[in-house]
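Presented below is the structure to which this report refers.
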Amino acid sequence: MTSPLRKHSLFHLPVETKSGQALGHIDDIELDPMTQQVLRYYVKSGHLVAALLQKELIVAAEQVLSITEEKMVVDDLVLPQADEGIASATSA
């Protein structure tokens, strides 16, 4: 059984795609006040993504494949579908 993650271990957790592309680290989260569940993760870009986007990546909870104490893994489609609203980038 996996133990729950605490807030301090979630923030700054590395984020990468299923294929291994590093996206950055968790900078913030958005919670649903009614259900207390995470709706979105705000990912501060790493070197490559920052150079390409100069933006913060917003990852919907549905796009997260796994979260461990070492990293969060998201669907490979996070970046290509950013223009379609599934994952979006906002000004940092």
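Miscellaneous remarks
- Subset tally (residues that are part of a strand (DSSP E or B) and in contact with a His (Cβ under 9 Å, 6 or more places away or on another chain)) for region 5-23: 3
- Within region 1-42, being on the phi > 0 side of the Ramachandran plot and surrounded by 15 or more Cβ atoms within 10 Å (Cβ to Cβ) holds for one residue alone: 24.
- Screening residue 65 with (1) over 10 Å from the mean Cα position of the chain (by Cα); (2) at pLDDT below 95; (3) open to solvent by 80 Å² or more (accessible area, probe 1.4 Å) gives one miss only, at (2).
- Some residue of region 80-88 being in a strand (DSSP E or B) and at pLDDT below 70: yes
- Residue check for residue 52: at pLDDT below 95, over 17 Å from residue 6 (Cβ atoms) and not small (Gly, Ala, Ser): yes
The values are calculated or read from the model by the stated rules, or taken from the named source; none is laboratory data. What you see is a predicted model; the values in this text were computed from it and never measured. Here Cβ is always computed from backbone atoms with ideal geometry, including for glycine, and neighbour counts include all displayed protein chains. We work out accessible area using only protein heavy atoms, side chains counted, and drop any ligands, DNA or RNA first. Shrake-Rupley method; radii C 1.70, N 1.55, O 1.52, S 1.80 Å.
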